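Below: the structure, in structure tokens.
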Amino acid sequence: MFVKRFVAKDMHEAIRKINSEFGPDAVILQNKTVRKKGLSGLVSKPLVEVVAAYEPRREQETAKKQQPIRKAEQKSEPKDPPRPIRVIRNTEKPSGDGNLKQLSRQMDELKSVVTDFSNRIKRAGFENPPAFPEDIQRVYFGLIDSDVHEELSKEIAAEVQAAKNRKEAEVLTVAGQLILDRLGEAAPLRPRKYKQNVIFFAGPTGAGKTTTIAKLAGMLKFRERLEVGLINTDTYRVGAIEQLKIYSQIMDIPVRTAYSAEELKESIKAFESRDVVLIDTAGKNVKEEANRRELLRLLEAASPDEVFLVISVGTAPRACREIISGYSFLDNYKLIITKLDEVSCWGNVLNIADYAKKSLSYVTMGQNVPDDITKADMKLLAGNIIGRKAASL
């Protein structure tokens with residue numbers, strides 16, 4: 001099977017690219033909007049990113065090997081025009097308001113096909129699943145399908161099986177409660193009154209720290225009516241300083257840039273009249289001793305009241321474990337998980353919380369500043385992971 005990512009200006013162009021490379025048997029696994037990296041991405045039109053897969057037919061491959069094409073025949077035979085990628089169509093003839101309903105049905109069918117295809121790929125690696133009863137097997141594979149890592153899925157399934165007085169109809173409810181217990185309670189910012197609150201943000205490159213800080217700054221200013229100051233210490237990434245300046249100008253929030261630990265102290269002092277000071281840092285590889293020491297110097301200079309580790313939900317589970325291990329030198333921190341709008345299953349939120357054993361504070365869903373950030377709703381997260389509405393947990 002071949003899987004490839006295609007980036008285009010719109011969906012029509014993406015489909016043309018897929019059709020040109022994979023042909024009509026390609027299957028679209030995922031699509032989302034993305035922006036160019038750097039400052040130009042803030043003002044340019046978003047692009048479309050599509051992940052497509054193609055499984056060559058064995059019969060076709062065998063036929064090609066057994067029947068080589070002669071040059072003369074190849075020149076004389078006209079080349080067939082490319083066929084469009086197949087989509088599921090409804091044969092009913094729409095009329096009136098039926099257009100919208102028909103489109104909705106087609107989208108549901110397509111989503112079902114893609115989900116089933118994705119799940120079959122995931123389950124292909126589980127030839128010998130744990131020996132659970134049938135109802136517990138459904139819980140186990142449901143967690144796997146939601147991107148919960150294998151060991152944690154086994155643990156939760158075993159705990160559901162061990163639950164006293166368990167009934168088949170209550171299996172998902174029990175699983176949901178176990179997930180809620182693991183997620184814990186949300187721990188949002190609670191700025192202290194009549195005192196400067198210094199908040200320090202760390203995390204890998206691409207996690208969305210700068211955008212998250214801008215969202216929090218807007219939330220604190222416009223909802224909480226607090227005076228906010230921004231400090232940028234990310235002087236390495238191209239466009240990082242300009243990005244935070246643009247946000248600060250839009251929201252009328254002052255921003256300062258610190259090139260060293262000493263300048264960070266001076267910037268914090270300059271904001272002593274502000275209720276909250278948010279500090280952005282560079283997303284460097286903290287496995288390297290020099291980078292870790294630099295971050296520790298900034299942390300010591302800031303002497304923050306709270307520290308947040310920012311991780312994208314789209315990061316692979318193994319990479320999440322390595323990131324959390326790399327930042328283990330942080331004595332105490334809370335989690336912010338970003339980009340939930342870019343994935344359909346939120347099982348990796350549970351993975352991250354399980355790896356870190358830290359409180360989850362906020363999640364972000366979208367690029368809008370300051371709207372697309374909310375306090376972590378544990379019932380909503382657990383409901384997505386087990387496939388039930390939050391109200392039923």
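Readers should treat all values here as calculations from the given coordinates under stated rules, not as data from a laboratory. Given the structure is predicted, the values throughout are model-derived calculations rather than measurements. As a convention, Cβ positions derive from the backbone with ideal geometry for all residues, glycine included, and neighbour counts pool all protein chains shown.
Please report how far the C-alpha centroid of region 336-381 lies from that of region 192-209, rounded to the nearest whole angstrom.
16
If packing is taken as the mean number of other Cβ atoms within 10 Å per residue, what is the order of 213-220, 140-147, highest first?
Highest mean packing first, the order is 213-220, 140-147.
Which loop GluC sites (Glu not before Pro) in region 229-299, with loop taken from DSSP, have no more than 14 other Cβ atoms within 10 angstrom of their Cβ?
Qualifying residues, ordered by number: E272, E288.
Ranked by Cβ crowding within 10 angstrom, fewest neighbours first, how are R225, R35, R5 ordered?
R225, R5, R35
Please report, in whole Å, how far the alpha carbons of region 322-393 spread along each principal axis, starting with the longest.
Ordered largest first, region 322-393 gives principal extents of 38, 29, 18 Å.
Toward the positive end of the charge dipole of region 260-326, about the Cα centre and with charges on Cβ (Lys, Arg +1; Asp, Glu -1), which of A316, N291, I268 goes farthest?
Positive-end residue among those listed: A316.
Net charge around N232, counting only other residues with Cβ within less than 9 Å of its Cβ (Lys, Arg = +1; Asp, Glu = -1)?
Net charge around N232: 0.
I need the phi-derived Karplus couplings for region 148-161: 6.51 cos²θ - 1.76 cosθ + 1.60, θ = phi - 60°, integer Hz, Gly and Pro marked x.
6, 5, 4, 4, 5, 4, 5, 4, 5, 4, 5, 5, 5, 4
Using only the Cα atoms of region 259-393, build the gyration tensor, take square roots of its eigenvalues as a ≥ b ≥ c, and label the shape rounded, prolate or oblate: rounded if a/c is under 1.5, else prolate if a/b is larger than b/c, else oblate.
Here region 259-393 falls in the prolate category.
Contour minus end-to-end for E170 and T33, with contour as 0.36 nm per residue of separation and end-to-end as the Cα-Cα distance?
Value of the extension gain: 45.5 nm.
Report ³J(HN,Hα) in whole Hz for each residue of region 324-333, in order, from the Karplus equation J = 6.51 cos²θ - 1.76 cosθ + 1.60 where θ = phi - 60°; Gly and Pro get x.
Ordered by residue, 3J(HN,Hα) equals 5, 5, x, 9, 5, 6, 6, 5, 8, 8 Hz.
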